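Q: Please see the structure below; I have some questions.
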Amino acid sequence: MKEIVILSGKGGTGKTSIVGSFAALAKRKVLADCDVDAADLHLLLSPSLKQESEFWSGQVACIDEDKCTQCGLCQDLCRFGAIKDFRVDPVSCEGCGFCSHICPVEAITMRENMSGYWFISDTRYGSLVHARLGIAQENSGKLVALVRQHAKQIAEEQSLDYIISDGPPGIGCPVISSLSGASLALLVTEPTLSGIHDLERVLGVCRHFDIPALVCINKYDLNEDNVRRIESYCSTQDVGVASKIPFDNVVTEALVRGVPVVEYTDGRVSQEISTLWQKVSQ
Amino acid sequence: MIISIASGKGGTGKTLVATSLALSMKDADRVQLLDCDVEEPNDHVFLKPAITGSEAVSIAVPKVDEDRCTYCGKCAEVCAYNAIAVLGNHVLIFPQLCHGCGACSYLCPEEAISEESREMGIAEWGQSDGVSFVQGKLTVGEAMAPPIIRRVKEYANNDGTVIIDVPPGTSCPVVEAIKGSDFCILVTEPTPFGLNDLALAVETVRELHIPCGVVLNRTGIGDSKVEEYCQKEDIPILLTIPLDTEIARLYSQGIPLVEGLPQWKNSFLELFNRVKEIVDERNRDTQR
């Protein structure tokens, strides 16, 4: 079984459109949407929900006003500035519990926090594991780990060949959680200076965790000088450029219709994505 | 006044809006740009600031004095992140999991735990053509962005206008970046992805009681559902930017929109004025 995670560093380079097309092209796979903050893959796959589960993670401090003597020790010791005027700001509270341990009158308790939901859905392309982190919640890395764990379980039970994960942007906690232990990272970039800068950082994360990487340049015809920069950078890093996909409005048109672009048209974009899947799946 | 530029979905044009807004206003006001997208900071690509200073951003992680430690296990018991474990006569510390809350060192009955700093990134600052600039950079391989965002925001100069470039998403780094803003500009695109993630971003700013408005980028593609959503939710569309090959080309070369196409400067000044009107009106309402 091969686990392929699609990342980019920079957002909006085309990860989800490519994963949606891989869903249509790949045989014997399970799909995982690891962008739990702003999940979009379901918009291309018309899922029917099979299972919904709550995601309980972390804790939030809660002060019993009747017991509180307003001594202020909790406010002085909290390093996250989460207690002001003897009240807890749940958005700033990181759930460390320090305040609950030091309160001299035991006025502070820690409450479990419901931080979101995760789902298993059926799609015409196979199972999709996805999630929705609650608004302004923490622990996105743990929710990503949960999504991957269930995708892996489905892949093992059904002896599938691939887990295809749509990853989050950035290089922090949820990206590391999406990436660690995967078989391959496909890095989708675009020929802009920002795209190149962000590619360098996300490739650094792949190196740090020793995950093999391949690069795909999306909207390559936007700036061919930058394409050459990316190619020469990749060759110095010994990373293959697997595909160059042209800019084409058909990608947005397919998105508006809620279908993967390879099912919407058989033009150049679709041909390039098909070739890309062949290379990635080898 | 603090204006944050956020989006939910990545790649919608936050950096374009943040840099062009800052450059448009620099003659009228003291303006500062804070790049809080510390995982992938890109404003510097456009502003090319002369960096004049930097500092390491660290958190305090525990260090155990084994001569004093009695292996009682109190530290492991109080750590909410499983960053410290006591196994027989060994204390294991996992610095990557530590949030630096300080509970273990404070609560150790033997005073055997001190703290040492662990670097997770940097904050750096400088000037670019009349714009005061600060950015944070998370070290590659590190997971926690919020401590770096907090540090960058400590440099905010509250006398003038502060523009904050926010990371994509809706979770803790976004909240850390937009917290305390007077207004949040949400940049989106007229596609189903743009709409889905805009709705999540709107929920996030409403949770924090921050007023918001939308900049709709790449109009001319997609559909009209974002406009319908904004009308239904009573969210003003403050500026629209068309899908345009010249704008995309400037962006790809790291040239700010208002430098490459100076006729856009007025649109960004109008954007600022509309934001200011909304904030002023809100402040008058709360004073009444």
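The values are calculated or read from the model by the stated rules, or taken from the named source; none is laboratory data. Being a predicted model, the structure only gives us computed values, none of them experimental. A quick note on method: Cβ atoms are made from the backbone with ideal geometry, for glycine too, and the neighbour counts reach across all protein chains shown.
Q: Name the one entry in B:R218, B:R249 that is within 14 Å of chain A (Cβ to nearest Cβ), charged (D, E, K, R), surrounded by 20 or more Cβ atoms within 10 Å (Cβ to Cβ) and more than 22 Å from the chain's Cα centre (by Cα).
A: Values: B:R249 fails: surrounded by 20 or more Cβ atoms within 10 Å (Cβ to Cβ).
Just one listed residue meets the conditions, B:R218.
Q: Restricting attention to region A:192-212, which residues are facing another protein chain (nearest Cβ under 8 Å) and among the acidic types (D, E)?
A: A:D198
Q: Oh, and also: Quick one: in region B:162-189, of everything that is in contact with a strand residue (DSSP E or B) (Cβ under 6 Å, 6 or more places away or on another chain), part of a loop (DSSP other than H, G, I, E, B) and within 12 Å of chain A (Cβ to nearest Cβ), which residue is surrounded by the fewest Cβ atoms within 10 Å (Cβ to Cβ)?
A: That would be B:E189.
Q: Would you mind listing the helices (runs of 4 or more DSSP H) fully within region B:198-288 where at least 2 residues are among the aromatic types (F, W, Y) and not assigned by TED's automatic domain parsing to the domain that holds B:D29?
A: Details: elements: B:225-233, B:245-252, B:257-260, B:265-287.
The helices (runs of 4 or more DSSP H) meeting that bar number zero.
Q: Mind checking which residues of region A:56-73 are over 33 Å from the mean Cα position of the chain (by Cα) and away from chain B (no Cβ under 12 Å)?
A: Let us first name the residues in region A:56-73 that are over 33 Å from the mean Cα position of the chain (by Cα), namely A:63-73.
Passing the criteria: A:I63, A:D64, A:E65, A:D66, A:K67, A:C68, A:T69, A:Q70, A:C71, A:G72.
Q: Kindly provide the set of residues from region A:235-253 that are within 11 Å of another protein chain (Cβ to nearest Cβ) and part of a helix (DSSP H, G or I), ordered by number.
A: Of everything in region A:235-253, those that are within 11 Å of another protein chain (Cβ to nearest Cβ) and part of a helix (DSSP H, G or I) turn out to be A:V250, A:V251, A:T252, A:E253.
Q: Here is a further query. If the Cβ limit is 6 Å and pairs must be 6+ apart or interchain, which residue in region B:211-232 that is on the phi < 0 side of the Ramachandran plot pairs with which residue that is hydroxyl-bearing (S, T, Y) and assigned to a helix (DSSP H, G or I)?
A: Within 6 Å, the pairs are B:I221/A:T252.
Q: I would also like to ask the following. Do we have any residue at all in region A:254-271 that's in contact with a strand residue (DSSP E or B) (Cβ under 9 Å, 6 or more places away or on another chain), more than 14 Å from chain B (Cβ to nearest Cβ) and under 24 Å from A:S46 (Cα atoms)?
A: Step one: filter region A:254-271 for residues in contact with a strand residue (DSSP E or B) (Cβ under 9 Å, 6 or more places away or on another chain), giving A:256, A:268-269.
Checking the rest, the ones that are also more than 14 Å from chain B (Cβ to nearest Cβ) come to A:268-269.
If we keep only those that are under 24 Å from A:S46 (Cα atoms) as well, we get A:269.
Within region A:254-271, one or more residues are in contact with a strand residue (DSSP E or B) (Cβ under 9 Å, 6 or more places away or on another chain), more than 14 Å from chain B (Cβ to nearest Cβ) and under 24 Å from A:S46 (Cα atoms).
Q: OK, next. Which condition does A:A32 not pass, out of (1) hydrophobic (A, V, I, L, M, F, W, C); (2) surrounded by fewer than 24 Cβ atoms within 10 Å (Cβ to Cβ); (3) under 16 Å from the mean Cα position of the chain (by Cα); (4) part of a strand (DSSP E or B), if it passes all the others?
A: (2)
Q: Moving to a separate point now. Mind listing whichever residues of region A:24-50 are within 14 Å of chain B (Cβ to nearest Cβ) and charged (D, E, K, R)? Break it down stepwise before answering.
A: First, pick out the residues of region A:24-50 that are within 14 Å of chain B (Cβ to nearest Cβ): A:33-47.
Residues satisfying the conditions are A:D33, A:D35, A:D37, A:D40.
Q: Given the criteria closer than 21 Å to A:T123 by Cα, modelled with pLDDT of 95 or more and either in contact with a strand residue (DSSP E or B) (Cβ under 6 Å, 6 or more places away or on another chain) or outside the structural domain of A:Q149 (by TED's automatic domain parsing) (or both), does A:K67 qualify?
A: Details: closer than 21 Å to A:T123 by Cα: no; modelled with pLDDT of 95 or more: yes; either in contact with a strand residue (DSSP E or B) (Cβ under 6 Å, 6 or more places away or on another chain) or outside the structural domain of A:Q149 (by TED's automatic domain parsing) (or both): yes.
No; evaluated as a whole, the condition is false for this residue.
Q: Here's something else I'd like to know. Scan region B:187-224 for residues that are of a type in the set (G, A, S) and out of contact with any Leu (no Cβ under 6 Å at 6 or more places or on another chain) and report the count. Steps first, answer last, please.
A: From region B:187-224, those of a type in the set (G, A, S) are B:194, B:199, B:201, B:213, B:220, B:222, B:224; that's our starting set.
Still in the running and out of contact with any Leu (no Cβ under 6 Å at 6 or more places or on another chain): B:194, B:199, B:222, B:224.
Of the residues in that region, 4 qualify.
Q: For region B:125-136, give me each residue that is surrounded by fewer than 22 Cβ atoms within 10 Å (Cβ to Cβ) and either within 15 Å of the chain's Cα centre (by Cα) or β-branched (V, I, T) (or both). Spell out the reasoning first.
A: Filtering region B:125-136 down to residues surrounded by fewer than 22 Cβ atoms within 10 Å (Cβ to Cβ) leaves B:125-132.
Listed by number, the list holds a single entry, B:V131.
Q: Quick one: which residue in B:I93, B:I5, B:I84, B:I51 is aliphatic (A, V, I, L, M) and within 18 Å of the chain's Cα centre (by Cα)?
A: Working: B:I93 fails: within 18 Å of the chain's Cα centre (by Cα); B:I84 fails: within 18 Å of the chain's Cα centre (by Cα); B:I51 fails: within 18 Å of the chain's Cα centre (by Cα).
Unique residue meeting the criteria: B:I5.
Q: Also, quick follow-up: Could you check region A:75-89 and list, in sequence order, the residues that are more than 12 Å from chain B (Cβ to nearest Cβ) and either surrounded by 15 or more Cβ atoms within 10 Å (Cβ to Cβ) or out of contact with any strand residue (DSSP E or B) (no Cβ under 9 Å at 6 or more places or on another chain) (or both)? Quick ask: steps written out before the conclusion?
A: So the first thing to find is which residues in region A:75-89 are more than 12 Å from chain B (Cβ to nearest Cβ), and the list is A:75, A:83-88.
Answer for region A:75-89, where residues must be more than 12 Å from chain B (Cβ to nearest Cβ) and either surrounded by 15 or more Cβ atoms within 10 Å (Cβ to Cβ) or out of contact with any strand residue (DSSP E or B) (no Cβ under 9 Å at 6 or more places or on another chain) (or both): A:Q75, A:I83, A:K84, A:D85, A:F86, A:V88.
Q: Sticking with this one: Provide a single number: the residues in region A:133-149 that are touching a Phe, Trp or Tyr at 6+ places or on another chain (Cβ under 7 Å) and either modelled with pLDDT under 95 or surrounded by 21 or more Cβ atoms within 10 Å (Cβ to Cβ) (or both). Can you show your working first?
A: So the first thing to find is which residues in region A:133-149 are touching a Phe, Trp or Tyr at 6+ places or on another chain (Cβ under 7 Å), and the list is A:143, A:146-147.
With the extra rule that they be either modelled with pLDDT under 95 or surrounded by 21 or more Cβ atoms within 10 Å (Cβ to Cβ) (or both), the set shrinks to A:143, A:147.
Qualifying residue count, region A:133-149: 2.
Q: When you look at A:I245, is it touching a residue at least 24 places away in the same chain (Cβ under 8 Å), closer than 15 Å to A:A185 by Cβ and aliphatic (A, V, I, L, M), yes or no? Let's see the steps before the verdict.
A: On the way: touching a residue at least 24 places away in the same chain (Cβ under 8 Å): yes; closer than 15 Å to A:A185 by Cβ: no; aliphatic (A, V, I, L, M): yes.
Criteria not met by A:I245.
Q: Can I ask one more? Among the residues of region B:112-124, which ones are more than 19 Å from the chain's Cα centre (by Cα) and of a type outside the set (A, V, I, L, M, F, W, C)?
A: Passing the criteria: B:S114, B:E115, B:E116, B:S117, B:R118, B:E119.
Q: Quickly run through region B:8-48 and pick out the residues that are of a type in the set (G, A, S) and more than 8 Å from chain A (Cβ to nearest Cβ).
A: Kept after step one, since they are of a type in the set (G, A, S), are these residues of region B:8-48: B:8, B:10-11, B:13, B:18, B:20, B:22, B:24, B:28.
Residues satisfying the conditions are B:G13, B:A18, B:S20, B:A22, B:S24, B:A28.
Q: Turning to a different aspect of this structure: I'd like the residue in region B:253-268 that is more than 22 Å from the chain's Cα centre (by Cα) and surrounded by 12 or more Cβ atoms within 10 Å (Cβ to Cβ) and, out of all such residues, is nearest to the other protein chains (Cβ to nearest Cβ).
A: First pass over region B:253-268, keeping only residues more than 22 Å from the chain's Cα centre (by Cα): B:253, B:258-267.
From what's left, surrounded by 12 or more Cβ atoms within 10 Å (Cβ to Cβ): B:253, B:258-261, B:264-265, B:267.
Numbers: B:Q253: 7, B:V258: 17, B:E259: 14, B:G260: 13, B:L261: 17, B:W264: 18, B:K265: 21, B:S267: 22 Å.
Ranking the qualifying residues of region B:253-268, first place goes to B:Q253.
Q: Run down A:S53, A:S21, A:S17 and say which single residue is buried (at least 24 other Cβ atoms within 10 Å of the Cβ), hydroxyl-bearing (S, T, Y), more than 10 Å from chain B (Cβ to nearest Cβ) and more than 17 Å from B:P168 (Cα to Cα). Quick ask: steps written out before the conclusion?
A: Working: A:S53 fails: buried (at least 24 other Cβ atoms within 10 Å of the Cβ); A:S17 fails: more than 10 Å from chain B (Cβ to nearest Cβ).
Result of the check over A:S53, A:S21, A:S17: A:S21.
Q: Next question. Checking the structure you have, find out if any residue of region A:192-206 is among the aliphatic types (A, V, I, L, M) and either over 19 Å from B:G11 (Cβ atoms) or not assigned by TED's automatic domain parsing to the domain that holds A:L128 (or both). Give the steps one after another, and end with the answer.
A: Taking region A:192-206 first, the residues among the aliphatic types (A, V, I, L, M) are A:193, A:196, A:199, A:202-203, A:205.
Restricting the remaining residues to those that are either over 19 Å from B:G11 (Cβ atoms) or not assigned by TED's automatic domain parsing to the domain that holds A:L128 (or both) gives none.
Among the residues of region A:192-206, not one is among the aliphatic types (A, V, I, L, M) and either over 19 Å from B:G11 (Cβ atoms) or not assigned by TED's automatic domain parsing to the domain that holds A:L128 (or both), which makes the answer no.
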